[in-house]
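The values are calculated or read from the model by the stated rules, or taken from the named source; none is laboratory data. Just so you know, these numbers come straight off a predicted model, no measurement behind them. Cβ coordinates were reconstructed from backbone atoms using ideal geometry, including for glycine residues, and neighbour counts include every protein chain displayed.
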Amino acid sequence: MKGDYFYPDIFNDVFGPVMQPGSSSHTAGPCRIGYEAYSVLGEKPDKITVILDKNGSFAGTFGHMNEDLGMLAGAYGLLPDDERQFTIKDILWSEQIDYEFIFGVIDESSHANAVKFILEKNNKKKITLVGNSTGGGMIEIVNVDGYQVAYFGEKDISVYDLILKTGSTDIPPDEKYREYRLTHVLPVHDTDKRKKQLFDSVTGWIEYAEKNNKNLFEAAIDYEIAFTGWSKEEITDRLRLIVETMHNQCTAVSSDDSRLVETPFSGYHFRQWKDYREKEKIFAGSIIDKALYYAFRAQTMSKGVPIVPGPMGNGGGYIYSVLRAAADENPKLNDKLYEGIAIAGIIGVICYTRTSPTGEVIGCTGECGMCASMATAGLTYIRGGSPEEVEAAASLTLQATIGWPCDPIPGGDNQPCTSRIIAAVTMAVAFSDVALSGRKAVLPYHEVVDIADKVGRALPDGCKCTSCGGLCLAPTALKSKEAFEEWRKGEK
């Protein structure tokens, strides 16, 4: 935590940023960091140098999650929702902007997702900025031109004032640092309207709701009012916009696949599932059938079709897939979809409060596992579950995912990611029923999150999104990675 008034919320951390397709931590996060470097420079650079830790996560998966496109787009002045990131290399070439990626050592940060930008203009102006992509598109700027700072994209501030806030006696003598500015990138800005965090566990959430004679959704709205300073109407409008974006994320490719970003290694399964379900009755049942139908579409990447993380890149789409499938079967649930998304969002907030729910820190438990627990909580709520049943569903689900590694195989047709997404979606449906049947989870949700954090951090580094451990060590996976790297050379 970074103080009583800087804590996670639905719109910044969980379902933010609304972005172009990609990874929230490997595409959106580094894009935002690059954008902060661009903001400090104050103009478009004519040379971009990006330094990555040779043993870090970005180096391990480089190109597999469009890391290079996100970084270059940010340094050029684009944010994660700008579809020009897909053509950024052509843009740089046409404007004669040089760029280079160097795999070395970043002394200013030990974070697995650290990245260092050096931007230059006319051989006269040069700035260096180091940041960490901390998950879900969230960032932490830790160094500017050798000065240690702590900045999270929450407000506009000069580099000079930012250095002063650290309490450092090493103050820049040059007046230019008063002009150098970092620009907010978070949907909800940090203002003096923010109140202290209302609760940081489901137990506290339930206690708050009971004390104030409110249901969980109303308590979730109160949480966001305390964080944002917005009105109830502004918050519900934002929730409905997020639901609309999630719906488009899960359905757009069905009506138009002309903008689909597809390579020989994409491994999209939406076509096969469509053909299969038209020929066969899905043995697992209609809700799981439809949930997977939407989830496979949410997994695709189409230029200009924004996605909602939650917390991983396409996670919002997977959560929505579960709730949408339930509403398809039970139309009376349609009007409660946005309430279910809010419930899922607060479960995500609790995860962000107690851990860093990203594969680079605690493995895939922090992505697919927590995504599944968010989905089942939202589903259980809109089905009429009690607060205790909502917590039981989330806890039971997350307990089943403890220790999952994050080991995406470059060139491996989105494996094992797709397997875990399928598990997350189907588990969310199953554990909702299990909780509603009266099964107790024994452990409160926050205790499971705390254990997930401990177990995940103890995983070998190779099992935390570096593509050099876990299933990535299988002989066929190594061949897949080699084939992918050869293909990338031909694409440059």
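Checked against the criterion of being assigned to a loop (DSSP other than H, G, I, E, B), assigned by TED's automatic domain parsing to the domain that holds residue 333 and touching a residue at least 40 places away in the same chain (Cβ under 8 Å), the candidates 320, 268, 294 yield just one match: 268.
Could you tell me how many of the residues in the stretch 360-397 are within 18 Å of the chain's Cα centre (by Cα) and at negative phi?
Our first condition is that a residue be within 18 Å of the chain's Cα centre (by Cα); within the stretch 360-397, this holds for 360-375.
Remaining after also requiring at negative phi: 360-362, 364-375.
Residues that pass the stated criteria total 15.
With respect to being modelled with pLDDT of 95 or more and surrounded by 23 or more Cβ atoms within 10 Å (Cβ to Cβ), residue 337 falls outside the description.
Condition (residue is part of a helix (DSSP H, G or I) and more than 27 Å from the chain's Cα centre (by Cα)) applied to the stretch 436-455: is it met by at least one residue? Scanning the stretch 436-455 turns up at least one residue that is part of a helix (DSSP H, G or I) and more than 27 Å from the chain's Cα centre (by Cα).
Looking across the stretch 125-145, the residues that are closer than 22 Å to residue 356 by Cα, surrounded by 24 or more Cβ atoms within 10 Å (Cβ to Cβ) and touching a helix residue (DSSP H, G or I) at 6+ places or on another chain (Cβ under 7 Å) come down to 131, 133, 135, 136, 137, 138, 139.
For the stretch 49-81, filtered to residues that are surrounded by fewer than 17 Cβ atoms within 10 Å (Cβ to Cβ) and charged (D, E, K, R), the residue that is modelled with the highest pLDDT is 81.
Suppose the filter is under 29 Å from residue 463 (Cα atoms) and surrounded by fewer than 17 Cβ atoms within 10 Å (Cβ to Cβ); does residue 100 pass it?
Details: under 29 Å from residue 463 (Cα atoms): yes; surrounded by fewer than 17 Cβ atoms within 10 Å (Cβ to Cβ): yes.
Against the criterion (under 29 Å from residue 463 (Cα atoms) and surrounded by fewer than 17 Cβ atoms within 10 Å (Cβ to Cβ)), residue 100 qualifies.
Just one of (1) touching a Phe, Trp or Tyr at 6+ places or on another chain (Cβ under 8 Å); (2) within 23 Å of residue 268 (Cα to Cα); (3) of a type in the set (Val, Ile, Thr) fails for residue 27. It is (1). Set side by side, the residues 208, 151 differ, and just one is touching a helix residue (DSSP H, G or I) at 6+ places or on another chain (Cβ under 6 Å), free of Cβ contacts under 8 Å to residues at least 60 places away in the same chain and of a type outside the set (S, T, N, Q), which is 208. Of the candidates 434, 390, 442, the single residue that is at pLDDT 95 or above, over 30 Å from residue 111 (Cβ atoms) and loosely packed, with under 15 Cβ neighbours inside 10 Å is 442. Any residue that is of a type in the set (Gly, Ala, Ser), within 24 Å of residue 470 (Cα to Cα), in contact with a strand residue (DSSP E or B) (Cβ under 9 Å, 6 or more places away or on another chain) and buried (at least 22 other Cβ atoms within 10 Å of the Cβ) - is there at least one of those in the stretch 367-383? No: zero hits.
If the requirement is being modelled with pLDDT under 95 and surrounded by fewer than 18 Cβ atoms within 10 Å (Cβ to Cβ), which of these qualifies: 122, 113?
Details: 113 fails: surrounded by fewer than 18 Cβ atoms within 10 Å (Cβ to Cβ).
Criteria check complete, one pass: 122.
Is it the case that residue 98 is in the same structural domain as residue 159 (by TED's automatic domain parsing), at pLDDT 95 or above and not aromatic (Phe, Trp, Tyr)? Yes, satisfied.
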